[in-house]
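Visitor: First, the structure itself, so that you have it in front of you.
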Amino acid sequence: MDLSLVQPELLLVVLAFVVLGLDLLMGRGSDRAVLGWVTAFGLVWVLWFSVEQTLLGALPGGVYRVDLYTHLFRALIPLTSIFVVLLSMQYVTKRLKHAGEYYGLIVLATLAMVLMAGSSELITAYIALETLNFCLYVLASYDKPDLRSNEAGVKYIVLSALASALLLYGISFLYGITGTTSYAAISSALTAADPALAGGLTAALLLILAGLGFKLAAVPFHAWTPDVYEGAPTPVTALIAVGSKTAAFALVIRLFGEALGPAAYLWQPAMALLAVASMTYGNLVAMQQTNVKRLLAYSSISQAGYLLLALAVLSESTATAALIHLAGYAVTNLAAFACVIAYQNQTGKEDLEGFAGMAERAPLLAFGMAVALFSLAGMPLFAGFVTKFYLFIAVAQNGALWLGLVGIAVVNSMISLYYYLKVLKAAYIGTPAEAGRLSIGPVLSVTVVALVLLVFAVGLYPYPLATIIGAATDALRFRF
Amino acid sequence: MTPGFPLLSTLLATPFLIAVALFFVPGRARTAIHWLSMAGATVMLLLSIAVFLAFAPATGGFQLDEQYAWLPQLGITLHLATDGIAAPLVLLTGVVIFCGTLVSLKVTHRPKDYFILLFTLVGGVYGTFLSLDLFFLFFFYEIAVLPMYLLIGVWGSSTDFGTFLRTKEYGAMKLTLVLVAGSIPVWVAIIATFLQAGAGSMDLPVLAQATYSREFQLVFYPMFMIGFGILAGLFPFHTWSPDGHVAAPTAVSMLHAGVLMKLGAFGIIRVGMLLMPEGAAAWAPVLLVLATVNVVYGALSALGQTDLKYVIGYSSVSHMGYVLMGFASMSIVGVNGAVLQMVSHGIMTALFFTLVGVVYDQAHTRLIASFGGLAQQSKLVAVMFAIAGFASLGLPGLSGFVAEFLIFVGLFERYPLFGALGIAGAAITAVYILRLMATAFFGPANPKWATLHGPNRSETLAAVILCASIFAVGLFPSLLMPAISVGVASLMSTVLGAG
């Protein structure tokens, strides 16, 4: 078996063991900050290697396909992880123990996320997803003395196990109907499927949608999101909100487009319903939040709604639009979390009241927050405006009904501005409880600046991103 | 497509570049911030004048065209051009931002952030006036709304009504949310128009070539009309305007009431009427009725205000009503008047807010009843307030007269009743302006205000420039009218041709 096709993935495995091994070799009392740098540079190396890699093809049996789509996520996901690692360093040193395992798990999670994007067979996809879940269970509960972190871990395991069970059950139904687990074969089998099986197929699709809806944090499968976002160490929250969500969308787009396309008439209404429910519910509840992490959790639920709207009318053009929005969402949310983490490291505060006077004490963080939140609200200059515009146009192309749904999305997008402004009100108008500038450290400062620049870059010149993503979705073998 | 100096993109880039440059100036370097801002405002004023002069009315059409590819996937290009309607508004923006910056030199609280946001806002204004691409027009339109929350929330002022307090946060949130709500129908209508045209292009001239069915226009024109109309202060969505403008700091009120409200009106003609003339004709009566309510109700509300700035706030609602009435007349004369009224009201209201700012910054109250004989403290303020007031009530020789006269002429052709109501609005304006002047500036002096003094040097300069502009437009409307009439004629040939 020729493994050169999956060299980047193998390098991630190697990196994970290098980090864990180094941790083992280091003395009991030694400073483990270096492990963060090893991880970061290791990931940069993998990223560079992946970008250089031009081999295309599939592993035997078609379980894993390396096409331009997989290539895209081989770049996007390690990039996300690099930022997460950069955001973690100060936090880990200050608040967490066992740095080696922490970084090792992040690398393994990165591997799992890449695999999710490339899987073109149900069992492989499922195993990739479970690998990610296991990493995240541990990471979510990493802050052992913190009760909320423990709660987050337990909640995540219990609910995620339930979701996995539903997903597996759905997969078994699907296997029963089609007799195969390979995406391409499923799609052929569905095209030729006996109409009498529609009932079983509906059940299979709903179960799969429920199982994956959990990962996407779509209403009504979102219940874990706020608690896990709030309780998990904040860099892990960033990983869950950005990396894990990106990977889940990557998996869903490939699965529903390449395998389940012929049954689109069955899952399309359900997906549209999830979309509208997510964006509306997420927004309405976000308004009442006083904890910034919870607020971002609900905001991410509503953002998932916009993306699901595009997936409901899945085609190459909506997939492109969804991925552009997802990429914009990723840098934007990373920027928001970067500011929250940096502020939290210095003040220990993560509620709206604690954010009062942020602009006086840490102008860079307040500015970063403003940029990120305006971008999330879909305001121009920043990524959110043009990516949403792209997304809405792609969806509305499908007819008057979809234009109406876009109308709902636009209303939601504008409503969201209200609660984002509440954060900015605290940051810019509120008076700080203590005086004095905060020193947030060089790594975090540079990371915040880099992320803010990325948010501007996507917002001011999205052409390169749109072109790359367009080429990636072209490689998908959609069949409807 | 004249090769040569890219005047429009230079003008558009200036405010954003100044904002970025300010970012790198340390917050404590007040003098540097002031100099840089003043330099930026001067450059913008000069470039605005240059753009206005470079527009040749004899040639007509869109001029100084510039196009840059941006996102071919959606047919978006950064397409800049100016016509007879945009050119005077660009000039207006240049004058108001110059005066606004002069007035803002007083700002001592976090001046760096203040000027960054102020220039971002101005960048949005220029972009909207100059964009010939629907996406970018909306892009810049939203940019102009973006900084408002912080500008009002951080640097604004609350109003104490005795029994209750209208906080600046309230005004800021109300203004932002209502304006953003106005963007909702605009956003939906833009997407629908783009898809309906099916040309794969966001370019306005291309979109204007496409045909839209009558049903389509009847559904989507009102979305543009109401969506943009909200920013123009259209009744019954106008209440953000007094609350927001009163809470805002002086320069922001000047810009917002003086220029930003024009973006809404501009959007109605540039996008709504240009793309959907049939829809515009069908909905004109509705717009006319709403606009008339704006004029009369706005004036009556101004009459009932006890706070100096609220009077001006409601007077803006009333005067923007004339602009919308002019559009609704669907006649060439009326629309000409409306565009001139946009310029006239922009200058006049900027002057009003400058003067109110001078008084408020010292007195820390704006209750009309508490003032008296202010003219004794500062003749200059009183005289200039009178000039703005007379322009506002349409005294011949000042800018308001020509504009309102044209609007009334346009209206009387088809809707004499509404023309009469418009004139009644002007009469009510006379009542509240004269009464305000009588109480606050003349009459018995209140010894409490003996220590008040006149405007400082930069405020005086700003006010003098604005006063001079009122006279210039009033006495020599021929400075602006050739450009305006060419722009309006080409727009109305599309609109009336289709109707």
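The values are calculated or read from the model by the stated rules, or taken from the named source; none is laboratory data. This is a predicted model, so every value here is computed, not measured. Positions of Cβ are generated from backbone atoms using ideal geometry, with glycine treated the same way; all protein chains shown enter the neighbour counts.
Here's the yes/no breakdown for (1) farther than 24 Å from residue A:81 by Cβ; (2) β-branched (Val, Ile, Thr):
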position: A:205; (1), (2): yes, no
position: A:208; (1), (2): yes, yes
position: A:227; (1), (2): no, no
position: A:231; (1), (2): no, no
position: A:235; (1), (2): no, no
position: A:242; (1), (2): no, yes
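Visitor: Further, regarding this structure: Report whether or not residue B:69 is surrounded by fewer than 24 Cβ atoms within 10 Å (Cβ to Cβ), within 14 Å of another protein chain (Cβ to nearest Cβ), of a type in the set (A, V, I, L, M, F, W, C) and assigned to a helix (DSSP H, G or I).
Guide: No; evaluated as a whole, the condition is false for this residue.
Visitor: Do we have residue A:430 as farther than 30 Å from residue B:25 by Cβ and within 11 Å of chain B (Cβ to nearest Cβ) here?
Guide: It is false that residue A:430 is farther than 30 Å from residue B:25 by Cβ and within 11 Å of chain B (Cβ to nearest Cβ).
Visitor: Within the stretch B:408-426, restricting attention to residues that are within 26 Å of residue B:309 (Cβ to Cβ) and under 23 Å from the mean Cα position of the chain (by Cα), which residue is surrounded by the fewest Cβ atoms within 10 Å (Cβ to Cβ)?
Guide: Only one residue fits best here, namely B:426.
Visitor: Only one of (1) crowded, with 22+ Cβ neighbours inside 10 Å; (2) under 14 Å from residue A:373 (Cβ atoms); (3) within 14 Å of chain B (Cβ to nearest Cβ) is not met by residue A:451, so which one is it?
Guide: The failed condition is (3).
Visitor: Condition first: assigned to a loop (DSSP other than H, G, I, E, B), surrounded by fewer than 23 Cβ atoms within 10 Å (Cβ to Cβ) and over 12 Å from the mean Cα position of the chain (by Cα). Can you find one or more residues in the stretch A:213-220 that meet it?
Guide: yes
Visitor: Among the residues of the stretch A:140-193, write down those that are charged (D, E, K, R), in a helix (DSSP H, G or I) and crowded, with 16+ Cβ neighbours inside 10 Å.
Guide: A:151, A:155
Visitor: Residues of the stretch A:370-417 being more than 10 Å from chain B (Cβ to nearest Cβ), under 25 Å from residue B:77 (Cβ atoms) and either aliphatic (A, V, I, L, M) or surrounded by fewer than 24 Cβ atoms within 10 Å (Cβ to Cβ) (or both), which ones?
Guide: A:383, A:391 - these are the residues of the stretch A:370-417 that are more than 10 Å from chain B (Cβ to nearest Cβ), under 25 Å from residue B:77 (Cβ atoms) and either aliphatic (A, V, I, L, M) or surrounded by fewer than 24 Cβ atoms within 10 Å (Cβ to Cβ) (or both).
Visitor: Another question, then. Would you point out which residue out of A:296, A:309, A:274 is within 14 Å of chain B (Cβ to nearest Cβ) and either assigned to a helix (DSSP H, G or I) or crowded, with 24+ Cβ neighbours inside 10 Å (or both)?
Guide: Checking each option against the conditions leaves just A:309.
Visitor: Looking at residue B:395, is it part of a helix (DSSP H, G or I), surrounded by fewer than 23 Cβ atoms within 10 Å (Cβ to Cβ), among the hydrophobic types (A, V, I, L, M, F, W, C) and modelled with pLDDT under 90?
Guide: No, not satisfied.
Visitor: To continue, here is another question. Has the stretch A:350-369 got any residue that is without any contact (Cβ under 8 Å) to a residue 24 or more places away in the chain, in a helix (DSSP H, G or I) and within 11 Å of chain B (Cβ to nearest Cβ)?
Guide: Looking for residues that are without any contact (Cβ under 8 Å) to a residue 24 or more places away in the chain, in a helix (DSSP H, G or I) and within 11 Å of chain B (Cβ to nearest Cβ), one finds at least one in the stretch A:350-369, hence yes.
Visitor: Within the stretch B:186-202, is there a residue that is touching a residue at least 60 places away in the same chain (Cβ under 8 Å), more than 14 Å from chain A (Cβ to nearest Cβ) and of a type outside the set (Val, Ile, Thr)?
Guide: Among the residues of the stretch B:186-202, not one is touching a residue at least 60 places away in the same chain (Cβ under 8 Å), more than 14 Å from chain A (Cβ to nearest Cβ) and of a type outside the set (Val, Ile, Thr), which makes the answer no.
Visitor: Mind checking whether some residue in the stretch B:30-40 is over 25 Å from residue B:55 (Cα atoms), within 12 Å of another protein chain (Cβ to nearest Cβ), surrounded by 15 or more Cβ atoms within 10 Å (Cβ to Cβ) and under 26 Å from the mean Cα position of the chain (by Cα)?
Guide: So far as the stretch B:30-40 goes, no, none of its residues is over 25 Å from residue B:55 (Cα atoms), within 12 Å of another protein chain (Cβ to nearest Cβ), surrounded by 15 or more Cβ atoms within 10 Å (Cβ to Cβ) and under 26 Å from the mean Cα position of the chain (by Cα).
Visitor: Condition check: outside any strand (DSSP E or B) and touching a helix residue (DSSP H, G or I) at 6+ places or on another chain (Cβ under 6 Å). Does residue B:61 satisfy that?
Guide: So residue B:61 does not fit the description; no.
Visitor: Just to be sure I understand the filter: pairs with C-beta atoms under 6 Å, separated by 6 or more residues or on different chains, first member in the stretch A:248-273 and free of Cβ contacts under 8 Å to residues at least 60 places away in the same chain, second member outside any helix (DSSP H, G or I) and not acidic (Asp, Glu). Which pairs pass?
Guide: Partner pairs satisfying both residue conditions: A:256/A:314.
Visitor: Something else about it: Does residue A:37 satisfy the criteria of being surrounded by 12 or more Cβ atoms within 10 Å (Cβ to Cβ) and more than 19 Å from residue A:89 (Cα to Cα)?
Guide: Against the criterion (surrounded by 12 or more Cβ atoms within 10 Å (Cβ to Cβ) and more than 19 Å from residue A:89 (Cα to Cα)), residue A:37 does not qualify.
Visitor: Mind telling me which of the residues B:493, B:478, B:485 ends up being modelled with pLDDT under 90, within 17 Å of residue B:87 (Cα to Cα) and either in contact with a Lys or Arg (Cβ under 6 Å, 6 or more places away or on another chain) or in a helix (DSSP H, G or I) (or both)?
Guide: Of B:493, B:478, B:485, the one residue that is modelled with pLDDT under 90, within 17 Å of residue B:87 (Cα to Cα) and either in contact with a Lys or Arg (Cβ under 6 Å, 6 or more places away or on another chain) or in a helix (DSSP H, G or I) (or both) is B:478.
Visitor: Out of all the residues in the stretch B:445-475, which are of a type in the set (Gly, Ala, Ser) and either surrounded by 14 or more Cβ atoms within 10 Å (Cβ to Cβ) or in a helix (DSSP H, G or I) (or both)?
Guide: B:445, B:454, B:458, B:462, B:463, B:468, B:469, B:472, B:474
Visitor: Conditions: (1) facing another protein chain (nearest Cβ under 10 Å); (2) surrounded by fewer than 21 Cβ atoms within 10 Å (Cβ to Cβ). Residue B:206 meets all but one. Number of the miss?
Guide: Tallying (1) facing another protein chain (nearest Cβ under 10 Å); (2) surrounded by fewer than 21 Cβ atoms within 10 Å (Cβ to Cβ), residue B:206 fails exactly one: (1).
Residues are listed down the side, and each one gets a yes or a no for (1) buried (at least 21 other Cβ atoms within 10 Å of the Cβ); (2) touching an Asp or Glu at 6+ places or on another chain (Cβ under 9 Å); (3) part of a helix (DSSP H, G or I):
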residue	(1), (2), (3)
B:19	yes, no, yes
B:25	no, no, no
B:42	no, no, yes
B:45	no, no, yes
B:100	yes, no, yes
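Visitor: Select from the stretch B:350-386 the residues that are part of a helix (DSSP H, G or I) and either charged (D, E, K, R) or closer than 17 Å to residue B:477 by Cα (or both) and list them in ascending order.
Guide: B:361, B:379
Visitor: How many residues, within the stretch A:227-250, are within 18 Å of residue A:210 (Cα to Cα), in contact with a Lys or Arg (Cβ under 8 Å, 6 or more places away or on another chain) and of a type outside the set (S, T, N, Q)?
Guide: Total meeting the criteria: 2.
Visitor: Given A:129, A:166, A:159, A:111, which one is modelled with pLDDT under 95 and either within 16 Å of residue A:248 (Cβ to Cβ) or among the hydrophobic types (A, V, I, L, M, F, W, C) (or both)?
Guide: Exactly one residue qualifies, and that residue is A:159.
Visitor: Please go through (1) surrounded by fewer than 24 Cβ atoms within 10 Å (Cβ to Cβ); (2) away from chain B (no Cβ under 14 Å); (3) touching a residue at least 24 places away in the same chain (Cβ under 8 Å) for residue A:337 and return the number of the only condition it doesn't satisfy.
Guide: Here residue A:337 meets the rest and fails (1).
Visitor: Does at least one position in the stretch B:95-105 carry a residue that is among the polar types (S, T, N, Q), farther than 17 Å from residue B:484 by Cα, more than 13 Å from chain A (Cβ to nearest Cβ) and in contact (Cβ under 8 Å) with a residue 60 or more places away in the chain?
Guide: yes
Visitor: Taking interchain pairs and intrachain pairs at least six residues apart, which have beta carbon atoms under 9 angstrom, with the first residue in the stretch B:38-58 and without any contact (Cβ under 8 Å) to a residue 24 or more places away in the chain and the second outside any helix (DSSP H, G or I)?
Guide: The qualifying pairs are B:56/B:63.
Visitor: Restricting to the stretch A:122-132, count the residues that are surrounded by fewer than 24 Cβ atoms within 10 Å (Cβ to Cβ) and either touching a residue at least 40 places away in the same chain (Cβ under 8 Å) or outside any helix (DSSP H, G or I) (or both).
Guide: Residues in the stretch A:122-132 being surrounded by fewer than 24 Cβ atoms within 10 Å (Cβ to Cβ) and either touching a residue at least 40 places away in the same chain (Cβ under 8 Å) or outside any helix (DSSP H, G or I) (or both): 4 in total.
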